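S.K.: Have a look at this one before I ask anything.
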Amino acid sequence: MDNIYKNIKTPQEFKKFIQNKSVSVVGLGISNIPLIEFLARCGVKKISARDRKDIFANGKIPELESLEKMLEIEYILGENYLENLCEDIIFKSPGIRRDLPQFAEAMQNGNVLTSEMELFFMLCPAATIAVTGSEGKTTTTTIIGEILKASGKTVHVGGNIGEPLLNKIESIKKDDYAVLELSSFQLFDLDNGSFAPDVAVMTNITPNHLDWHRDMEEYTAAKKIIYKNQKTSGRLVLSYDNELTRGLENEGKAIKYLFSKDILPEYHKNGIYCDGDVVWLRSGGEETQILQKSDIFVKGAHNILNFMAAIGATHDIASVEAIQKTAQTFGGVEHRIEFVREHGGVCYYNSSIDSSPTRTIAALNYFDEDKKIIVILGGSEKNISFAPLAPVVYKKAKAAVLYGAARENIKKCLEDYIKSDGTREALTVSISDSFDAAVMKAKEFAESGDVVLLSPACASFDCFKNFEERGNRFKEIVNMFHI
């Protein structure tokens, strides 16, 4: 049955295949609740909905109540949610490892293990641009979408951001473009021999999600799936400045474009690089000036790199004018160094998306040296060392407010940091019992001219469903400050 499923190409073929099949959806999160809606529209009459957590509120899941008129939903919740996993088709949430013994047994019995993202790529008729990386993938994905829209293209942006695109699959046309951010979790599920985006972008690889992946080797291998099956006609855009991605330039079959903050060596015939203030495109050895770095409205060295990655993905699809227009108008993405408000002369920034130390380092370095920063750090652990964060916090911040499950670990790393001359930088470190208390403590430390920055360097799952919920709570609190 798996071979039949993997050869499905259109929504019509999927609807025919799914008739009279038993279906299970494992993990009732952001992407899988819309998946159940899609399956209901495809004619599925009964679904086994499974989740480790008891996610009922007053006996109902509000998002699914309306669907219960269309299909029967059997809920299997709690620690034994994978018991008797015997349905014909099993859709798994990206956050659940596919190598669990219950999944292995189901596949041995001839059942199909798949995911919402795998089905989307099977059915998508449009050209696909897939973006991954440890940092910058959300912004890069968004910029690519904006450049294509500015060129008059019909674009669908999704994956690990926005709304799941599978629900829109029947409205996506062959001449459209689908731009998808893909996490290592999603890529881990796409190692199927057929996933091959037309354009793949890898912004960088740094340690991340080591609480989920067995080690850095597995995490890197998951990222590599993005180009593993690309054809010779495909394109792979890689960071030249990141050691791990630079080392991939001879892997895979696709044409490589490397991007760098500095001039690329001449032997690289394809790439995007900076020479002073000018961003250049090199394609087949020919050079074209694309824009000035000073044209890019959203500030920060990391955003220049994000634009160069986007140029690598779109230069033969979009016009130079569209790239320039996007650079001049794009204001950044929500939850990424997002200005919230000024209150009492203090500027508040929400960078809740910063779920690793390297992201927080980039956020701190975004601000000028003369800015005094109170940074809010903490959340759930990802088995990543906070040691690289300490020197940057000491250099850029006047205070660090810590909260959540990782607070003691971060505190220890900050306390252990000693400058090379044996003296410790002046830094106020404060521990808060809750996220709300941490925001209020940061407000207490701040004086006119200072910056309060939420840049947690951690995942959000100890207190929130996701980083969006964390960022929205920060904005809610800050916007309640009395004028």
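What follows draws every value from the coordinates through simple rules; no lab data is involved. These figures come from a predicted structure and were not determined experimentally. Positions of Cβ are generated from backbone atoms using ideal geometry, with glycine treated the same way; all protein chains shown enter the neighbour counts.
S.K.: Sort 456-467, 328-339 by the packing proxy (mean of other Cβ within 10 Å over each peptide's residues), most packed first.
M.R.: Put in order of decreasing packing, that is 456-467, 328-339.
S.K.: From the cross-link list Lys69/Lys465; Lys6/Lys92; Lys6/Lys53; Lys69/Lys173, which pairs have alpha carbons spaced over 24 Å apart?
M.R.: Lys69/Lys465; Lys6/Lys53; Lys69/Lys173
S.K.: Taking neighbour Cβ counts within 10 Å as the exposure measure, how do Ser134, Ser319 sort from fewest upward?
M.R.: Ser319, Ser134
S.K.: What's the magnitude of the charge dipole for the stretch 2-114 around its Cα centre, counting Lys and Arg as +1 and Asp and Glu as -1 at the beta-carbon? Answer in Debye, nearest 20.
M.R.: Charge dipole of the stretch 2-114: 420 debye, to the nearest 20.
S.K.: May I ask you to list the aspartates and glutamates whose Cα is less than 12 Å away from that of Lys325, ignoring any residue fewer than eight positions away on the same chain?
M.R.: Lys325 reaches Glu146, Asp295.
S.K.: With the Cα gyration tensor of the stretch 2-114 giving a ≥ b ≥ c as the square roots of its eigenvalues, does the rule (a/c under 1.5 for rounded; else a/b larger than b/c for prolate; else oblate) give rounded, prolate or oblate?
M.R.: Note, shape of the stretch 2-114 comes out oblate.
S.K.: Please give the charge dipole size of the chain, origin at the Cα centre, charges +1 on K and R Cβ atoms and -1 on D and E Cβ atoms. Round to the nearest 20 debye.
M.R.: Dipole size: approximately 540 debye.
S.K.: Let me ask another. Put +1 on the Cβ of every Lys and Arg and -1 on every Asp and Glu Cβ in the stretch 118-329; which of Tyr257, Ile129, Ile304 then has its Cα farthest towards the positive end of the dipole?
M.R.: Ile129
S.K.: Something else about it: With the cut-off at 1.5 for a/c, could you classify the stretch 308-407 from its C-alpha gyration tensor as rounded, prolate or oblate?
M.R.: It is prolate, given that a/c is not under 1.5 and a/b is the larger ratio.
S.K.: In addition: Out of (i) 28.2; (ii) 31.0; (iii) 23.9, which label holds the value of Kirkwood radius over Cα pairs in Å that was computed here?
M.R.: Matching the structure shown: (iii).
S.K.: Give me a comma-separated list of calculated 3J(HN,Hα) values for the stretch 19-30, in order, Karplus coefficients 6.51, -1.76, 1.60 applied at θ = phi - 60°, integers in Hz, x for any Gly or Pro.
M.R.: 4, 6, 8, 7, 10, 10, 10, 9, x, 9, x, 4
S.K.: To continue, here is another question. Would you mind ranking Met70, Met1 by Cβ crowding within 10 Å, fewest neighbours first?
M.R.: Fewest-to-most Cβ neighbours within 10 Å comes out as Met1, Met70.
S.K.: Per-residue counts of other Cβ atoms within 10 Å, averaged by peptide: what ranking do you get for 288-301, 359-372, highest first?
M.R.: Order by mean packing, descending: 359-372, 288-301.
S.K.: Between the stretch 292-354 and the stretch 364-401, how far is it from one alpha carbon centroid to the other, in angstrom?
M.R.: 21
S.K.: Which residue, chosen from Ala405, Tyr349, Ser430, occupies the Cα position most advanced towards the positive end of the dipole of the chain, where the dipole is computed from +1 (Lys, Arg) and -1 (Asp, Glu) charges on Cβ about the Cα centre?
M.R.: Of the options given, the answer is Tyr349.
S.K.: Okay, moving on. Quick check on packing: order 307-313, 270-276 by the mean number of other C-beta atoms within 10 Å, highest mean leading.
M.R.: Highest mean packing first, the order is 307-313, 270-276.
S.K.: Just check the stretch 338-479 against the gyration tensor rule for me: Cα atoms, a ≥ b ≥ c as the square roots of the eigenvalues, rounded for a/c under 1.5, and otherwise prolate or oblate depending on whether a/b exceeds b/c.
M.R.: oblate
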